[in-house]
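> Here it is: the structure, laid out below.
The values are calculated or read from the model by the stated rules, or taken from the named source; none is laboratory data. Note that the structure is predicted; figures quoted are calculated from it, not measured. Positions of Cβ are backbone-derived with ideal geometry, glycine not excepted, and every protein chain shown enters the neighbour counts. Areas reflect the complete protein model, heavy atoms only, side chains present, ligands, DNA and RNA absent. Shrake-Rupley method; radii C 1.70, N 1.55, O 1.52, S 1.80 Å.
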Amino acid sequence: MRAFVALDLPEPLITAVARLQAGLDVGRRVPEENLHLTLAFLGEVSEPLVNDVAEAMMSLSAPAVDLTLTGLDVMGGAEPSLVCATAEAVPALVTLQEKVMRMVRVAGVDLERRRFRPHVTLARFSRALNTKDDKALRDFLKLNGRYRSETHLATRVTLYESHLTKEGSIYDPLSDIYLRQP
(Lines give C-alpha, C1' and ligand atoms only; values in the text may rest on other atoms or scores of the structure.)
Protein backbone atom coordinates (compact mmCIF):
# COMPACT_ATOMS: atom_id res chain seq x y z
CA MET A 1 0.00 0.00 0.00
CA ARG A 2 1.04 3.61 -0.57
CA ALA A 3 1.23 5.59 2.67
CA PHE A 4 2.41 8.83 4.26
CA VAL A 5 2.37 10.65 7.61
CA ALA A 6 0.99 14.19 7.59
CA LEU A 7 0.28 17.16 9.80
CA ASP A 8 -3.43 17.85 9.37
CA LEU A 9 -4.34 21.45 8.66
CA PRO A 10 -6.58 23.32 11.11
CA GLU A 11 -10.00 24.18 9.62
CA PRO A 12 -9.27 27.94 9.28
CA LEU A 13 -6.20 27.12 7.15
CA ILE A 14 -8.18 24.70 4.99
CA THR A 15 -10.71 27.48 4.36
CA ALA A 16 -7.94 29.98 3.53
CA VAL A 17 -6.19 27.56 1.16
CA ALA A 18 -9.47 26.71 -0.59
CA ARG A 19 -10.06 30.45 -1.17
CA LEU A 20 -6.56 30.74 -2.59
CA GLN A 21 -7.09 27.70 -4.84
CA ALA A 22 -10.27 29.27 -6.26
CA GLY A 23 -8.06 31.69 -8.22
CA LEU A 24 -5.97 28.89 -9.73
CA ASP A 25 -7.11 27.99 -13.23
CA VAL A 26 -4.43 25.42 -14.08
CA GLY A 27 -3.73 21.87 -12.96
CA ARG A 28 -5.79 19.49 -10.86
CA ARG A 29 -6.60 21.18 -7.55
CA VAL A 30 -6.18 19.17 -4.38
CA PRO A 31 -9.65 18.73 -2.81
CA GLU A 32 -10.16 20.43 0.56
CA GLU A 33 -10.44 17.07 2.33
CA ASN A 34 -6.97 16.10 1.04
CA LEU A 35 -5.08 19.26 2.06
CA HIS A 36 -2.21 18.40 4.42
CA LEU A 37 1.48 18.96 5.12
CA THR A 38 3.52 15.78 4.53
CA LEU A 39 5.96 14.90 7.30
CA ALA A 40 7.12 11.52 5.90
CA PHE A 41 6.31 9.85 2.59
CA LEU A 42 6.55 6.09 3.07
CA GLY A 43 5.87 5.16 -0.55
CA GLU A 44 4.77 1.60 -1.33
CA VAL A 45 5.03 -0.45 1.86
CA SER A 46 3.55 -3.68 3.16
CA GLU A 47 0.51 -3.72 5.42
CA PRO A 48 2.50 -5.20 8.35
CA LEU A 49 5.02 -2.35 8.02
CA VAL A 50 2.22 0.23 7.99
CA ASN A 51 0.84 -1.43 11.13
CA ASP A 52 4.27 -1.08 12.76
CA VAL A 53 4.31 2.64 11.87
CA ALA A 54 0.80 3.07 13.29
CA GLU A 55 1.89 1.38 16.52
CA ALA A 56 5.03 3.53 16.74
CA MET A 57 2.93 6.66 16.27
CA MET A 58 1.13 5.96 19.53
CA SER A 59 4.33 6.86 21.39
CA LEU A 60 4.93 10.11 19.47
CA SER A 61 5.02 13.03 21.88
CA ALA A 62 5.38 16.54 20.55
CA PRO A 63 3.81 19.96 21.02
CA ALA A 64 1.18 21.31 18.65
CA VAL A 65 2.62 23.46 15.85
CA ASP A 66 1.91 27.11 15.05
CA LEU A 67 1.40 26.77 11.32
CA THR A 68 1.73 29.73 8.95
CA LEU A 69 1.74 29.57 5.16
CA THR A 70 4.28 32.06 3.88
CA GLY A 71 4.26 32.16 0.11
CA LEU A 72 3.81 30.13 -3.04
CA ASP A 73 6.22 27.96 -4.99
CA VAL A 74 6.36 25.37 -7.74
CA MET A 75 8.17 22.04 -7.44
CA GLY A 76 9.41 19.64 -10.04
CA GLY A 77 12.22 21.53 -11.72
CA ALA A 78 12.07 23.06 -15.18
CA GLU A 79 8.69 21.42 -15.85
CA PRO A 80 6.82 21.88 -12.56
CA SER A 81 4.71 19.00 -11.27
CA LEU A 82 2.87 21.01 -8.61
CA VAL A 83 2.16 24.42 -7.13
CA CYS A 84 2.16 24.76 -3.36
CA ALA A 85 1.87 27.10 -0.41
CA THR A 86 5.09 27.02 1.58
CA ALA A 87 4.93 26.73 5.36
CA GLU A 88 7.16 28.58 7.77
CA ALA A 89 9.75 26.11 9.07
CA VAL A 90 9.35 27.02 12.74
CA PRO A 91 11.42 24.94 15.21
CA ALA A 92 8.37 22.99 16.46
CA LEU A 93 7.51 21.91 12.89
CA VAL A 94 11.08 20.92 12.02
CA THR A 95 11.45 18.99 15.28
CA LEU A 96 8.13 17.21 14.70
CA GLN A 97 9.17 16.19 11.20
CA GLU A 98 12.52 14.89 12.48
CA LYS A 99 10.75 12.85 15.20
CA VAL A 100 8.31 11.39 12.67
CA MET A 101 11.13 10.47 10.28
CA ARG A 102 13.06 8.74 13.10
CA MET A 103 9.91 6.94 14.26
CA VAL A 104 9.14 5.70 10.72
CA ARG A 105 12.73 4.52 10.18
CA VAL A 106 12.78 2.71 13.54
CA ALA A 107 9.54 0.97 12.50
CA GLY A 108 11.50 -0.40 9.52
CA VAL A 109 10.64 1.89 6.60
CA ASP A 110 13.57 2.80 4.34
CA LEU A 111 12.96 6.49 3.64
CA GLU A 112 14.61 8.67 1.02
CA ARG A 113 16.96 11.25 2.47
CA ARG A 114 15.83 14.65 1.29
CA ARG A 115 15.67 18.16 2.65
CA PHE A 116 12.40 19.01 4.42
CA ARG A 117 10.54 21.69 2.45
CA PRO A 118 7.29 22.13 4.39
CA HIS A 119 4.42 22.89 2.04
CA VAL A 120 0.77 22.29 1.24
CA THR A 121 0.14 21.19 -2.34
CA LEU A 122 -2.51 23.34 -4.05
CA ALA A 123 -2.60 21.64 -7.47
CA ARG A 124 -0.75 19.01 -9.48
CA PHE A 125 0.20 19.04 -13.16
CA SER A 126 0.03 15.72 -15.00
CA ARG A 127 2.03 16.91 -18.00
CA ALA A 128 4.16 19.79 -19.22
CA LEU A 129 2.19 23.03 -19.21
CA ASN A 130 1.14 24.48 -22.54
CA THR A 131 1.70 28.20 -23.20
CA LYS A 132 -1.78 29.18 -21.98
CA ASP A 133 -1.48 27.17 -18.72
CA ASP A 134 2.08 28.37 -18.14
CA LYS A 135 0.87 31.98 -18.40
CA ALA A 136 -2.08 31.27 -16.08
CA LEU A 137 0.32 29.79 -13.51
CA ARG A 138 2.74 32.71 -13.79
CA ASP A 139 -0.15 35.17 -13.40
CA PHE A 140 -1.43 33.29 -10.32
CA LEU A 141 2.06 33.30 -8.75
CA LYS A 142 2.55 36.98 -9.55
CA LEU A 143 -0.79 37.90 -8.00
CA ASN A 144 -0.51 35.62 -4.94
CA GLY A 145 3.23 35.00 -4.54
CA ARG A 146 3.47 37.04 -1.33
CA TYR A 147 0.55 35.15 0.21
CA ARG A 148 0.76 34.83 3.98
CA SER A 149 -1.87 33.12 6.08
CA GLU A 150 -2.77 33.81 9.66
CA THR A 151 -1.09 31.47 12.12
CA HIS A 152 -3.19 28.58 13.39
CA LEU A 153 -2.40 25.75 15.79
CA ALA A 154 -2.05 22.34 14.07
CA THR A 155 -2.85 19.63 16.59
CA ARG A 156 -3.10 16.29 14.75
CA VAL A 157 -0.71 13.97 12.91
CA THR A 158 -2.26 11.24 10.75
CA LEU A 159 -0.97 8.14 8.97
CA TYR A 160 -2.78 7.92 5.62
CA GLU A 161 -3.13 5.30 2.94
CA SER A 162 -3.22 6.86 -0.53
CA HIS A 163 -5.23 5.35 -3.39
CA LEU A 164 -4.35 6.72 -6.82
CA THR A 165 -7.27 7.08 -9.25
CA LYS A 166 -7.81 8.81 -12.60
CA GLU A 167 -9.71 11.56 -10.77
CA GLY A 168 -6.93 12.06 -8.22
CA SER A 169 -5.82 10.59 -4.92
CA ILE A 170 -8.13 9.34 -2.20
CA TYR A 171 -6.66 9.42 1.31
CA ASP A 172 -7.87 7.04 4.01
CA PRO A 173 -6.76 7.81 7.59
CA LEU A 174 -5.31 4.72 9.27
CA SER A 175 -4.15 6.14 12.59
CA ASP A 176 -3.81 9.54 14.21
CA ILE A 177 -2.46 11.18 17.32
CA TYR A 178 -3.07 14.56 18.88
CA LEU A 179 -0.16 16.83 19.70
CA ARG A 180 0.21 18.49 23.09
CA GLN A 181 -1.56 21.83 23.29
CA PRO A 182 -0.31 24.72 25.42
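> Could you list all residues from the range 134-175 that are more than 15 Å from the chain's Cα centre (by Cα) and acidic (D, E)?
D134, D139, E150, E167
> Examine the range 75-91 for a residue that is modelled with pLDDT under 95, out of contact with any Phe, Trp or Tyr (no Cβ under 9 Å at 6 or more places or on another chain) and either assigned to a strand (DSSP E or B) or closer than 17 Å to L37 by Cα (or both), and state whether such a residue exists.
yes
> Can you pull out every residue in the range 157-182 that is touching a Pro at 6+ places or on another chain (Cβ under 9 Å) and either at pLDDT 95 or above or part of a helix (DSSP H, G or I) (or both)?
Answer for the range 157-182, where residues must be touching a Pro at 6+ places or on another chain (Cβ under 9 Å) and either at pLDDT 95 or above or part of a helix (DSSP H, G or I) (or both): T158, L159, Y160, E161, L179.
> Run L179 past the list (1) within 13 Å of D8 (Cα to Cα); (2) under 15 Å from the mean Cα position of the chain (by Cα) and report the number of the one that doesn't hold.
(2)
> For the range 105-123, give me each residue that is without any contact (Cβ under 8 Å) to a residue 12 or more places away in the chain and of a type in the set (D, E).
In the first step, residues of the range 105-123 are kept if they are without any contact (Cβ under 8 Å) to a residue 12 or more places away in the chain; the result is 105, 110, 113-115.
The one that is without any contact (Cβ under 8 Å) to a residue 12 or more places away in the chain and of a type in the set (D, E): D110.
> Still on this structure, please answer the following. Residues to consider are L143, L174; find the one that is open to solvent by 70 Å² or more (accessible area, probe 1.4 Å) and out of contact with any helix residue (DSSP H, G or I) (no Cβ under 9 Å at 6 or more places or on another chain). Full working, then the answer.
Numbers: L174 fails: out of contact with any helix residue (DSSP H, G or I) (no Cβ under 9 Å at 6 or more places or on another chain).
Just a single option satisfies the conditions, and that option is L143.
> Right, V83: touching a residue at least 12 places away in the same chain (Cβ under 8 Å) and under 13 Å from the mean Cα position of the chain (by Cα) or not? Let's see the steps before the verdict.
On the way: touching a residue at least 12 places away in the same chain (Cβ under 8 Å): yes; under 13 Å from the mean Cα position of the chain (by Cα): yes.
Answer is yes for this residue.
> Could you grab me the full set of residues in the range 7-30 that are assigned to a loop (DSSP other than H, G, I, E, B) and either touching a helix residue (DSSP H, G or I) at 6+ places or on another chain (Cβ under 9 Å) or among the hydroxyl-bearing types (S, T, Y) (or both)? Walk me through it before giving the result.
Initially, the range 7-30 is screened for residues assigned to a loop (DSSP other than H, G, I, E, B), giving 9-10, 22-27, 30.
Within the range 7-30, L9, G23, L24, D25, V26, G27, V30 meet the criteria.
> Among the listed residues R2, R102, R19, which satisfies the condition of being in contact (Cβ under 8 Å) with a residue 60 or more places away in the chain and either within 26 Å of A128 (Cα to Cα) or open to solvent by 30 Å² or more (accessible area, probe 1.4 Å) (or both)? Lay out the reasoning, then the answer.
Values: R102 fails: in contact (Cβ under 8 Å) with a residue 60 or more places away in the chain; R19 fails: in contact (Cβ under 8 Å) with a residue 60 or more places away in the chain.
Selected residue: R2, the only one of R2, R102, R19 that is in contact (Cβ under 8 Å) with a residue 60 or more places away in the chain and either within 26 Å of A128 (Cα to Cα) or open to solvent by 30 Å² or more (accessible area, probe 1.4 Å) (or both).
> Sticking with this structure for a sec: Residues in the range 105-137 that are closer than 20 Å to D73 by Cβ, open to solvent by 90 Å² or more (accessible area, probe 1.4 Å) and in a loop (DSSP other than H, G, I, E, B): how many?
Selection size over the range 105-137: 6.
> Which numbered condition in (1) touching a helix residue (DSSP H, G or I) at 6+ places or on another chain (Cβ under 9 Å); (2) part of a strand (DSSP E or B) is the only one that F4 fails?
(1) is the only condition that F4 fails.
> Pairs only if they're at least six apart or on different chains, beta carbon under 9 angstrom, first in the range 34-62 and open to solvent by 30 Å² or more (accessible area, probe 1.4 Å), second part of a helix (DSSP H, G or I) and charged (D, E, K, R); list them, first residue then second.
Here the result reads S61/K99, each pair linking the range 34-62 to a residue that is part of a helix (DSSP H, G or I) and charged (D, E, K, R).
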